Amino acid sequence: MLISTEQGGGQIVSADAETRFYDDVACLAADWNTHRDHATAYVRLGSGAWSEAKDASFARPAGTQTPMGSGLVAFATIAEARATDAGGSVLGWTEIVARTGAER
């Protein structure tokens, strides 16, 4: 897959396979269970910095468009995520992974 932007995306860095890149957090989460035993997932925060996915908080800010349509944006803190989501809804990495797995 061609990665259109790394803003809002992520990567899975594995000890025993090539690094995999994603342009949408939901795609990263959907693929996570296949790689989780020997890898670390990283997401690009809304600020532009990188974070381990497990340490980030996720929200769907109004009007946000992501390459694959999830609308999910990663934030460093729960407060940052809550402040951007119109309904104040915040998800953790485990919830994102569970939801994307259920949607497949």
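Using beta carbons and a limit of 9 Å, which pairs, at least six apart or on different chains, have the first residue in region 1-18 and under 21 Å from A56 (Cβ atoms) and the second one part of a loop (DSSP other than H, G, I, E, B) and at pLDDT below 70? Every condition considered, the pairs that remain are G9/I3. Taken across region 80-88, residues that are touching a helix residue (DSSP H, G or I) at 6+ places or on another chain (Cβ under 7 Å) and free of Cβ contacts under 8 Å to residues at least 24 places away in the same chain do occur, with at least one present.
When only residues in region 85-102 that are at pLDDT below 90 and in contact with a strand residue (DSSP E or B) (Cβ under 7 Å, 6 or more places away or on another chain) count, which is farthest from G8 (Cα to Cα)?
Of everything passing the filter in region 85-102, S89 is farthest from G8 (Cα to Cα).
Here F21 fulfils each of the conditions (1) in contact (Cβ under 8 Å) with a residue 60 or more places away in the chain; (2) surrounded by fewer than 19 Cβ atoms within 10 Å (Cβ to Cβ); (3) within 12 Å of the chain's Cα centre (by Cα) apart from (1). Taking region 46-76 as the region of interest, how many residues are surrounded by fewer than 21 Cβ atoms within 10 Å (Cβ to Cβ) and either modelled with pLDDT under 85 or of a type outside the set (S, T, N, Q) (or both)? Final tally of qualifying residues: 19.
The values are calculated or read from the model by the stated rules, or taken from the named source; none is laboratory data. Predicted model, so just to flag it, every value in this text is computed and none were measured. Note that each Cβ is placed from the backbone with ideal geometry, even for glycine, and that neighbours are counted across all protein chains shown.
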